[in-house]
Amino acid sequence: MRAPMSHHSVHVRLDSMQYGTLDAVTQIEQSVYDHPWSRRNFEDVLQSGYQAQMLMAEDRVLGYFVAMKGVEEVHLLNMTVAPAYQRQGWGRLMLDALDIWGRGQGAQWAWLEVRCGNARAKAVYEAHGYQGAGVRKGYYPGVDGQREDALVMCHALHDGGPAC
């Protein structure tokens, strides 16, 4: 496990996800989730031209996010921070990057789904300004063949803009 990194001691950058980086991305995905995206899911993302960015420090992938553009909105499909770098603010940094990209696309809102049982992720999103907008019943695969509900969350990308 790598030592924690502070924002003040490292230079980070966003790089576009590429086919050559999918092994590293898939490895992180599998280390974080019980029901991870497959390499093929990430290949589909690249083929579809979705916004797929990796947060990098030198040659290390700290995390990544995948988003798609809709009509006046962006939809966060996946945001993951590698286990060794969690709880250090990198998720918040990627949400800031998503907001900047979304505004550049002319989006008014950012949307996402999060597992209802994922309190840590919900807290990060709420601290960023996301609000609950509904529930998708049985959205995620769960344990023992069960399904888990998703909380749909929305965040206005412009101050004073239309509410979700």
- [ ] Kindly list the number of the only condition in (1) touching a strand residue (DSSP E or B) at 6+ places or on another chain (Cβ under 7 Å); (2) over 23 Å from Tyr130 (Cα atoms); (3) buried (at least 21 other Cβ atoms within 10 Å of the Cβ) that fails for Val81.
- [x] (2)
TODO: Say whether the condition of being surrounded by 15 or more Cβ atoms within 10 Å (Cβ to Cβ), within 17 Å of Tyr50 (Cβ to Cβ), without any contact (Cβ under 8 Å) to a residue 40 or more places away in the chain and not polar (S, T, N, Q) is met by at least one residue in the stretch 119-135.
DONE: no
TODO: Kindly indicate which of Val114, Val152, Val135 is in a strand (DSSP E or B) and within 21 Å of Pro83 (Cα to Cα).
DONE: Val114
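Is it the case that Gly129 is out of contact with any Ser or Thr (no Cβ under 8 Å at 6 or more places or on another chain), assigned to a loop (DSSP other than H, G, I, E, B) and closer than 18 Å to Asp99 by Cα?
yes
Looking at this structure, is Glu72 surrounded by fewer than 20 Cβ atoms within 10 Å (Cβ to Cβ), modelled with pLDDT of 95 or more and either among the acidic types (Asp, Glu) or under 22 Å from Gln30 (Cα atoms) (or both)?
Considered against the rule, which asks whether it is surrounded by fewer than 20 Cβ atoms within 10 Å (Cβ to Cβ), modelled with pLDDT of 95 or more and either among the acidic types (Asp, Glu) or under 22 Å from Gln30 (Cα atoms) (or both), Glu72 comes out as no.
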Task: Close pairs from the stretch 12-25: first under 18 Å from Val81 (Cβ atoms) and modelled with pLDDT of 95 or more, partner of a type in the set (Ser, Thr, Tyr) and not in a helix (DSSP H, G or I), Cβ under 8 Å, at least 6 apart - done: Met17/Tyr64; Val25/Tyr64
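The values are calculated or read from the model by the stated rules, or taken from the named source; none is laboratory data. The structure presented is a predicted model; accordingly, all values stated were derived computationally and were not measured. Because the Cβ atoms are built from the backbone with ideal geometry, glycine has one as well, and the counts that use them run over all protein chains shown.
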